[in-house]
Number of protein chains: 2
Amino acid sequence: MLHYAPDLDRVFQALADPGRRHMVERLSRGPASVSELSKPLNMSLTAVLQHVQVLEASGLIRSSKLGRTRTCSINTTVLRSAEGWIAERRTMVERNLDRLGDYLAETADRPDTAADPEDRQRPMEKP
Amino acid sequence: MLHYAPDLDRVFQALADPGRRHMVERLSRGPASVSELSKPLNMSLTAVLQHVQVLEASGLIRSSKLGRTRTCSINTTVLRSAEGWIAERRTMVERNLDRLGDYLAETADRPDTAADPEDRQRPMEKP
């Protein structure tokens, strides 16, 4: 059971920027220094550092400094939490759509079974 | 093959707000009107409408108006794209961690196999 709840506001905010997603993409292939992260992006080292700070504050990445080099790496726990939040909602929608499909197929076969018109209108909200 | 590429900047930005995530959460249980969405949130109808517009612009939800009632529902395609983007990166990190584990186990057994010190330092960036 996971007891660490990441701040999803910060996580999704961090992922909302294409430069930061590019960094996450790069770090998913392995740890990298800040200067390595800056190379493919047309960005100053200062701007890259600011993005690194946003990513680190969200928990998506960790960094450590050895001498003058700061090395960054992905924190999979936080990545998994964000993925899990979306997956739960997506699964719920798909389950409800399946139920609606079953309901429609059933009522098409037996149109006189739903006596209460409310039942016809909002089948997806019933438990 | 999915050819529709949602704007991930907007999708993650839309998910970065707790009120909007609450609405997505509610809509994952079935379609709802804007006034139904506003009830559990301590928010004006105008504020809720603004959030609905952000969610709709991101593609995460769709809405349609019948008379004076606007009904919202989730667009699973966009939800699945955001989930997929994160899942791909998470899978990549985990695969690299597994490779690193294998590499460390292998070099622990045979410490003389890595002749090039570069190979010892950055095993995860090798293809």
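Taking amide hydrogens as placed 1.01 Å from N in the peptide plane, the amide H of A:S33 sits under 5 Å from those of A:C72, each at least 5 positions away in sequence or on another chain. Rounded to the nearest Å, what's the spacing between the alpha carbon centres of segment A:57-92 and segment B:8-29? Just the number, please. Cα centroid of segment A:57-92 versus Cα centroid of segment B:8-29: 19 Å apart.
In this label model, B:R62 and B:E25 are separated by 2.6 nm, measuring between points 7 Å along each Cα→Cβ vector.
Heavy-atom accessible area, probed at 1.4 angstrom with all protein chains present, ranks B:S64, B:S33 as B:S64, B:S33, highest first. When A:L45 is represented by a point 7 angstrom out along its Cα-to-C-beta vector, the spacings to that point in the other copies are 5.7 nm, nearest first. On the rotation that sends chain B to chain A, the chain B Cβ lying closest to the axis gives residue and distance in whole Å as B:F12, 2.
Each other copy places its own label point for B:A108 at 5.9 nm from this one, sorted shortest first, where the point lies 7 Å along the Cα-to-beta carbon line.
The trypsin sites (Lys or Arg not before Pro) of segment A:55-116 that DSSP puts in a loop, and whose beta carbon has at most 11 other beta carbons within 10 Å, are A:R68. Here's how it looks for B:I61: its modeled amide H is under 5 Å from those of B:E56, B:N75, which are all 5 or more places away or on a different chain. Here B:E88 yields copy-to-copy label distances, from shortest upward, of 2.6 nm, the label point defined as 7 Å from Cα along Cα to C-beta.
The values are calculated or read from the model by the stated rules, or taken from the named source; none is laboratory data. No experiment lies behind these values; they were computed from the predicted model shown. Cβ: placed from backbone, ideal geometry, glycine included. Neighbour counts: every protein chain shown. SASA here: full protein model, heavy atoms, side chains in, ligands and nucleic acids out. Shrake-Rupley method; radii C 1.70, N 1.55, O 1.52, S 1.80 Å.
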